[in-house]
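First up is the structure itself, then whatever we jot down about it.
The values are calculated or read from the model by the stated rules, or taken from the named source; none is laboratory data. Computed from a predicted structure; not experimentally measured. Here the Cβ is made from the backbone with ideal geometry for all residues, glycine too, and neighbour counts use every protein chain on show.
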Amino acid sequence: MVLPVFNLWGPAAGVVVTCSFYVLVSYLYDPYGIRKYPGPFSAKFSYAWILWVGITGRRSQRIHDAHNKYGPIIRISPCELSFSDPAVYPVIHSNLFTTLSKTDHGQKRRLLHPLFTAQVAREFTPRTSSLMAQLIDKWESHYISSEAGFIWFDCVPWITLLAFDSIGEFIFGEPFGMIESGSDSVTVPTDLQLPFVMDKATDVEHYPISLAHIVSMRERYNYPLGLLPKWWRPIGLRVLRKEAQAAEIFSAFVAHRLAERLSTTVPQLENAHDLVGRFLHKSQAQSEEFRPESLVAELITILVAGSDTTRNALIAALYYLAQSQNAQRNLQAELDSHMTSCTISYTDIEVLPCLNACLNETLRLYSPVGIGLPRTVPHPGMSISGAWLAGGTTVGVPIYTVHRSAALWGGHPEEFRPERWLQGDGAQAGLDADALKAFSDGPMRCIGKHLALAQLRVMIAAIFKRFDVVLEVPESPLHIEEWFVRKATECRIGLRRR
């Protein structure tokens with residue numbers, strides 16, 4: 001019997017011709033009129049480059065390198081331009097621009113904004129101080145040796161527990177107990193749909209999960225899907241099935257925690273210090289209908305964004321101040337002159353120049369979100385930085401690159417130098433403060449800015465008032481992976497009691 005021989009060269013050639021035709025048409029069609037702008041070759045006709053830099057965890061650095069290579073305006077996908085000129089940032093982030101869900105975002109912001117004021121943030125600082133006292137006690141018992149020398153450890157897991165406990169306290173009125181247990185284990189209902197039936201959610205079977213792992217998996221689901229064009233997303237959903245399940249588990253966790261909080265609500269809501277309690281009080285005072293299910297999506301965002309910002313900024317501050325011993329000594333001298341003990345009064349530290357300079361410089365070099373939030377040019381189009389762009393074009397200014405502009409920050413913008421915030425006259429200092437975009441600008445600016453800054457001031461002051469901090473390997477870079485958020489993955493330090 002003679003078996004037929006199949007010639008695969010014909011089909012293979014067909015695939016090559018089809019792909020080549022698609023590439024050529026995509027490049028020549030150019031519906032947004034941006035073919036003339038330079039950039040990575042594959043970004044001219046496909047989304048492959050932007051997807052690649054996203055899933056490799058180095059998007060901010062790759063786009064920064066591309067700007068250094070190609071210039072101030074570069075094409076990073078068939079429909080998207082990136083601008084490195086800091087002067088473009090306020091133009092793109094003005095009210096003229098739109099996001100995919102701007103109307104919905106504005107409605108949610110108006111509802112939640114009164115719950116994130118500077119005064120609310122100040123009122124929460126005693127609870128942050130209490131959590132810091134727990135963390136410092138743990139570090140004292142685990143990592144302070146009676147003998148000479150340091151006990152080296154990775155501070156990332158501990159800071160992760162602190163960040164989750166802090167945002168749990170703020171949202172639900174009590175921490176998750178992670179610092180006390182030394183673990184990020186929490187429980188979720190076995191039936192993931194039950195938490196959304198709020199009257200049944202407090203009496204169900206549970207199983208344990210690692211909250212940090214689930215949050216990380218969820219981000220590995222949301223971020224790649226956001227990079228894909230709409231017609232590619234069904235494929236992404238099939239590939240990212242485990243990550244999609246993690247997102248579902250996290251939603252169930254938040255819904256169940258909300259159900260537990262609602263089951264313990266007391267009549268005196270005007271005295272509530274947590275976000276849910278304040279929200280309920282506001283709803284009752286304005287006679288608004290409250291649907292718990294509608295609050296879950298907001299709490300998911302707040303829990304992730306709040307814990308990520310605190311976690312990553314605090315780890316970065318520890319890293320930079322441990323690496324720059326002179327800056328650390330200057331900070332400690334200021335803290336010693338304003339704090340008689342390790343007990344923190346927020347009014348005493350809120351305006352300390354050196355503390356705020358260290359915090360601002362940390363956020364400059366390590367903005368938790370480095371990419372900037374892309375915007376869509378409104379129809380029919382407009383001119384940006386002298387370039388006319390058609391409506392529908394996606395544009396953005398990478399925060400990572402703006403924060404490394406020598407024109408804004410002076411010499412050596414890649415280096416950690418808190419003193420740059422302490423030099424010059426008031427006008428120059430004001431310009432620098434306005435140029436710091438760690439919390440974005442415009443309608444999409446971070447609603448939790450006041451809370452994050454207050455927490456970070458308390459946390460940094462508490463650690464460096466009690467300890468000298470050093471890096472195990474002073475020259476080592478801070479280990480980072482980037483999805484939507486730039487996440488520190490390891491930071492090995494040693495402590496010495498002062």
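Being touching an Asp or Glu at 6+ places or on another chain (Cβ under 8 Å) and among the aliphatic types (A, V, I, L, M) is true for just one of Leu318, Leu352, Leu422, Leu363. Which residue is that? Lay out the reasoning, then the answer.
Values: Leu318 fails: touching an Asp or Glu at 6+ places or on another chain (Cβ under 8 Å); Leu422 fails: touching an Asp or Glu at 6+ places or on another chain (Cβ under 8 Å); Leu363 fails: touching an Asp or Glu at 6+ places or on another chain (Cβ under 8 Å).
Residue meeting the stated conditions: Leu352.
Give just the number: which of (1) more than 26 Å from the chain's Cα centre (by Cα); (2) over 23 Å from Gly391 (Cβ atoms) does Asp65 not satisfy?
That leaves (1) as the condition not met.
Which is part of a strand (DSSP E or B) and either modelled with pLDDT of 90 or more or surrounded by fewer than 20 Cβ atoms within 10 Å (Cβ to Cβ) (or both), of Leu131, Leu81? Let's see the steps before the verdict.
Details: Leu131 fails: part of a strand (DSSP E or B).
Selected residue: Leu81, the only one of Leu131, Leu81 that is part of a strand (DSSP E or B) and either modelled with pLDDT of 90 or more or surrounded by fewer than 20 Cβ atoms within 10 Å (Cβ to Cβ) (or both).
With (1) in contact with a strand residue (DSSP E or B) (Cβ under 6 Å, 6 or more places away or on another chain); (2) surrounded by 22 or more Cβ atoms within 10 Å (Cβ to Cβ); (3) of a type outside the set (Lys, Arg) as the list, and Leu321 as the residue in question, which single condition is left unmet?
All conditions are met except number (1).
When residues of segment 331-367 are filtered for being closer than 10 Å to Ala461 by Cα and in contact with a Phe, Trp or Tyr (Cβ under 8 Å, 6 or more places away or on another chain), how many remain?
Of the residues in segment 331-367, 3 are closer than 10 Å to Ala461 by Cα and in contact with a Phe, Trp or Tyr (Cβ under 8 Å, 6 or more places away or on another chain).
Checking the structure you have, find out if any residue of segment 324-335 is at pLDDT 95 or above and either assigned to a loop (DSSP other than H, G, I, E, B) or among the hydroxyl-bearing types (Ser, Thr, Tyr) (or both).
The answer is yes; a qualifying residue exists.
Restricting to segment 316-336, name every residue that is without any contact (Cβ under 8 Å) to a residue 60 or more places away in the chain and more than 24 Å from Phe124 (Cα to Cα). It would help to see each step written out before you state the result.
Here is the first cut: in segment 316-336, the ones without any contact (Cβ under 8 Å) to a residue 60 or more places away in the chain are 326, 329, 333-334.
Asn326, Arg329, Ala333, listed by residue number.
Tell me which residues, restricted to segment 202-248, are among the basic types (Lys, Arg), without any contact (Cβ under 8 Å) to a residue 40 or more places away in the chain and either within 26 Å of Asp191 (Cβ to Cβ) or not in a helix (DSSP H, G or I) (or both). Spell out how you get there, then give the answer.
Pass one, segment 202-248, residues among the basic types (Lys, Arg): 218, 220, 230, 233, 238, 241-242.
Imposing the further condition that a residue be without any contact (Cβ under 8 Å) to a residue 40 or more places away in the chain reduces the set to 230, 233, 238, 241-242.
Matches in segment 202-248: Arg238, Arg241, Lys242.
Scan segment 339-355 and tell me whether some residue there is closer than 23 Å to Asp154 by Cβ, within 24 Å of the chain's Cα centre (by Cα) and either modelled with pLDDT of 90 or more or part of a helix (DSSP H, G or I) (or both).
Initially, segment 339-355 is screened for residues closer than 23 Å to Asp154 by Cβ, giving none.
No, there is no match, as no residue in segment 339-355 is closer than 23 Å to Asp154 by Cβ, within 24 Å of the chain's Cα centre (by Cα) and either modelled with pLDDT of 90 or more or part of a helix (DSSP H, G or I) (or both).
Take segment 361-384 and flag every residue that is outside any strand (DSSP E or B), of a type outside the set (A, V, I, L, M, F, W, C) and surrounded by 17 or more Cβ atoms within 10 Å (Cβ to Cβ). Steps first, answer last, please.
Residues of segment 361-384 outside any strand (DSSP E or B): 361-374, 377-380.
Filter once more, keeping what is of a type outside the set (A, V, I, L, M, F, W, C): 361-362, 364, 366-368, 370, 372, 374, 378-380.
Matches in segment 361-384: Glu361, Thr362, Arg364, Tyr366, Ser367, Pro368, Gly370, Gly372, Pro374.
So Ile34 clears everything in (1) assigned to a loop (DSSP other than H, G, I, E, B); (2) more than 19 Å from Gly386 (Cβ to Cβ); (3) aliphatic (A, V, I, L, M) except one condition, right? Which one?
Condition not satisfied by Ile34: (2).
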